[in-house]
Structures are given as C-alpha cells and as structure tokens.
Amino acid sequence: MAIYLDPPLWPAHGTHFSHLVSDASLEELHAFAAAADIPERAFDGDHYDVPERRFDDLVAAGAVPVEARVLVRKLIASGLRIPARQRNKSLKVPLLNRWNTIMAGHDALFLDLLDRWSEPHRHYHGCTHLLSVLEALDLLTEPAGPPRTVLLAAWFHDAVYRGAAGQDEEESARLAEDRLTHAGLPDQEVDEVARLVRLTSDHRPEPGDTDGTLLCDADLSILGGGPEEYDRYVAAVRKDYAHIGDADFAAGRAAVVRHLLDLDPLFHHPRARDLWQDAAHRNLEGELA
C-alpha cells in the first residue's frame, strides 16, 4: 500500500496542482490527507488536488512522487478510479439521448438545463447526480419505464442549486413551470412536474403518491451505494459547501443525516427498499458516528 503524488502540472487558481492518490483504499488516502492537513474540500472523488507549494512536504511525509501516467496506472489498477461516465463533463451525449426520448425537438431547453447542471460550483449536485437519478428511475419502473412527468421532474429538481434548502426546490419548481409552459406542455403536466420537484425538499410523499415516491426514492438512491461510492458522495457534498467552515458544515451535515435517519420509511417503493434501504442506514449511521 502506498500514496502517490504526480508533478504539479495542472494549472488553476493562479498556481499548479498535483494529484494525490492511494493504490489501496480511500480510507488510506483520507487518513494520509488528514494527517497532512489537506482540507476535505480538496478531495475529488478518487484523488486530492494539492497545490505545488505542498509538493515537497507531502513527499517528506511519505507520498511517492511519480510521473502523471504512472499515477493514472496505479489508480486504475487499484480499482478506485472513477469511470469517465461518472464525471460531469463526459455526460452530455448520454443525457441528450435520454432527453430526446421525452422532449425531442426542444434542444434549447436541454442546453439550458445542461448548463445549469454543469455550473462550476456543483460537485455532487451536478450531471452525475442527474444521470444517477434517471438510472434509478429506470431500475424502479422497468420494464415499462417512468412517466414523462417524473422524468421531467428529475431534470428540473436541482436545476436551481445555490445550497439553500427549500428555496432551491421552490425556484426549481418555478423554473419548470415557466420553461415547460413555454415549451407547450399541457397545464396539467406542468403542474404535476412542479409538484414533484417541490417534494424533493423533504422527501415525504403522501401515501398513495406513486410518482412522488418514485422521484423521492430515486433522488436518495445514492445513500444506498457501496462504501466507496458513499465516501465520494459525502466528499462531493462537502465541496458543494466549500464556502462554509468545517465546524459549521459538520453541524449542518449532522442535522441532515439525522433527518434522513428519521424518515420512516426512508424509501417508499418496495423495490427501492430492497435495493438501498439496509445499505443506506449503514452508511448514514456510520457517517453520523
């Protein structure tokens, strides 16, 4: 097991950055980063971005300096590398293909939504999350597939994202009302999409609300991921709130985790409970601890 560091070749923010990776586990990587006082917000899914001024002291702390191509090979061999399809920038084509199954001919609206989901301040709440929600909806409704209103609600549910709980969902719902009305959708469909978007503010659909259940469960499906996937999710959420200090973030995040653990049920659809509920409770309880 070893920690590897490539040369500071990657320009950003007026300096150059190196990548810090483990060839064994994210736990080893996080432990090394914590001991070296590298902030959590520097973690990017499978590596830490570290400025060049830290290079020498990280090597002194035990990181092995290697060429960039060697570091990539080490990361791939470890099984920790995030596939390209799970990174925001590579998802335009698969998302466009999905969009065209429900709103073919509305390219301008697709591009507007894609730009919103690709905003640079988003780390978890980006295109990867959107695709994950759409794929979760597929799992919950196969072989028939989800209704168009549920799919459109997935596209709009975080279309406005500034990190303001409740307000983001309300503004996203209003955006859906405006854009879908101009796109010519019937009022009944527009109203349903907006209603579903607003449900994602607390994930508490009423009993019998099948479509609300689908969207809320799909939105929370990440909670039931494997340990490394969940670690990436938590790290990405931390980067979404990089402007908040560690102590304030920890308090706010703990409140969110407690809210999720208090949801009874956490998942409503029988298949969602089978797929994600046990793992979600393990992940949430572990994070809170």
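If I filter segment 12-25 down to residues being in a strand (DSSP E or B) and in contact with a Phe, Trp or Tyr (Cβ under 8 Å, 6 or more places away or on another chain), which single residue comes out as surrounded by the fewest Cβ atoms within 10 Å (Cβ to Cβ)? Within segment 12-25, the match that is surrounded by the fewest Cβ atoms within 10 Å (Cβ to Cβ) is 16.
Filtered by the rule that a residue be among the polar types (S, T, N, Q), assigned to a helix (DSSP H, G or I) and under 17 Å from residue 151 (Cβ atoms), segment 166-201 gives 172, 188. Residues in segment 44-82 that are farther than 18 Å from residue 1 by Cβ and in contact (Cβ under 8 Å) with a residue 60 or more places away in the chain were compared, and the one that is surrounded by the fewest Cβ atoms within 10 Å (Cβ to Cβ) is 67. In segment 118-147, the residues that are of a type in the set (S, T, N, Q) form Cβ pairs under 6 Å with partners that are surrounded by fewer than 19 Cβ atoms within 10 Å (Cβ to Cβ), at six or more places apart or across chains, as follows: 128/86.
Among the residues in segment 216-226, are any in a helix (DSSP H, G or I) and farther than 23 Å from residue 285 by Cα? No: segment 216-226 contains no residue that is in a helix (DSSP H, G or I) and farther than 23 Å from residue 285 by Cα.
For segment 122-165, a residue qualifies if it is in a loop (DSSP other than H, G, I, E, B) and under 13 Å from residue 219 (Cα atoms), and the qualifying residues are 124, 125, 126, 157, 158. Residue 231 meets each of the listed conditions (1) part of a helix (DSSP H, G or I); (2) without any contact (Cβ under 8 Å) to a residue 12 or more places away in the chain apart from (2).
Residues in segment 201-242 that are hydroxyl-bearing (Ser, Thr, Tyr) and buried (at least 18 other Cβ atoms within 10 Å of the Cβ): 213, 221, 230, 233. Count, please, the residues in segment 33-58 that happen to be of a type outside the set (A, V, I, L, M) and either in contact with a strand residue (DSSP E or B) (Cβ under 6 Å, 6 or more places away or on another chain) or part of a helix (DSSP H, G or I) (or both). Result for segment 33-58: 12. Within segment 215-230, is even one residue assigned by TED's automatic domain parsing to the domain that holds residue 108, at pLDDT 95 or above, out of contact with any Leu (no Cβ under 8 Å at 6 or more places or on another chain) and among the hydroxyl-bearing types (Ser, Thr, Tyr)? Within segment 215-230, none of the residues are assigned by TED's automatic domain parsing to the domain that holds residue 108, at pLDDT 95 or above, out of contact with any Leu (no Cβ under 8 Å at 6 or more places or on another chain) and among the hydroxyl-bearing types (Ser, Thr, Tyr). Considering each residue of segment 172-183 in turn, at least one proves to be surrounded by 20 or more Cβ atoms within 10 Å (Cβ to Cβ), modelled with pLDDT of 95 or more and within 23 Å of residue 242 (Cβ to Cβ). Among the residues here, residue 201 does not qualify as polar (S, T, N, Q) and in contact (Cβ under 8 Å) with a residue 60 or more places away in the chain. Beta carbons closer than 7 Å, at least 6 apart along the sequence or on distinct chains, pair a first residue in segment 250-265 that is without any contact (Cβ under 8 Å) to a residue 24 or more places away in the chain with a second that is part of a helix (DSSP H, G or I) for 265/273. Just one of the listed residues (164, 236) is out of contact with any Phe, Trp or Tyr (no Cβ under 6 Å at 6 or more places or on another chain) and either basic (Lys, Arg) or at pLDDT below 95 (or both), and it is 164. Take residue 270 and decide whether it is surrounded by fewer than 18 Cβ atoms within 10 Å (Cβ to Cβ), under 30 Å from residue 148 (Cβ atoms) and not hydrophobic (A, V, I, L, M, F, W, C). Spelling it out, residue 270 is indeed surrounded by fewer than 18 Cβ atoms within 10 Å (Cβ to Cβ), under 30 Å from residue 148 (Cβ atoms) and not hydrophobic (A, V, I, L, M, F, W, C).
Across segment 79-121, the qualifying residues are those that are in a helix (DSSP H, G or I) and among the small types (Gly, Ala, Ser), and the one among them that is modelled with the lowest pLDDT is 84. For segment 26-43, filtered to residues that are of a type outside the set (Asp, Glu) and surrounded by fewer than 16 Cβ atoms within 10 Å (Cβ to Cβ), the residue that is nearest to the chain's Cα centre (by Cα) is 39. No other residue among 32, 17, 55 is under 23 Å from residue 245 (Cα atoms) and at pLDDT 95 or above apart from 32.
The values are calculated or read from the model by the stated rules, or taken from the named source; none is laboratory data. What you are looking at is a predicted structure, and each value in this text was computed from that prediction instead of being measured. Methodologically, a virtual Cβ is constructed for each residue, glycine included, from the backbone with ideal geometry; neighbour enumeration extends over all protein chains shown.
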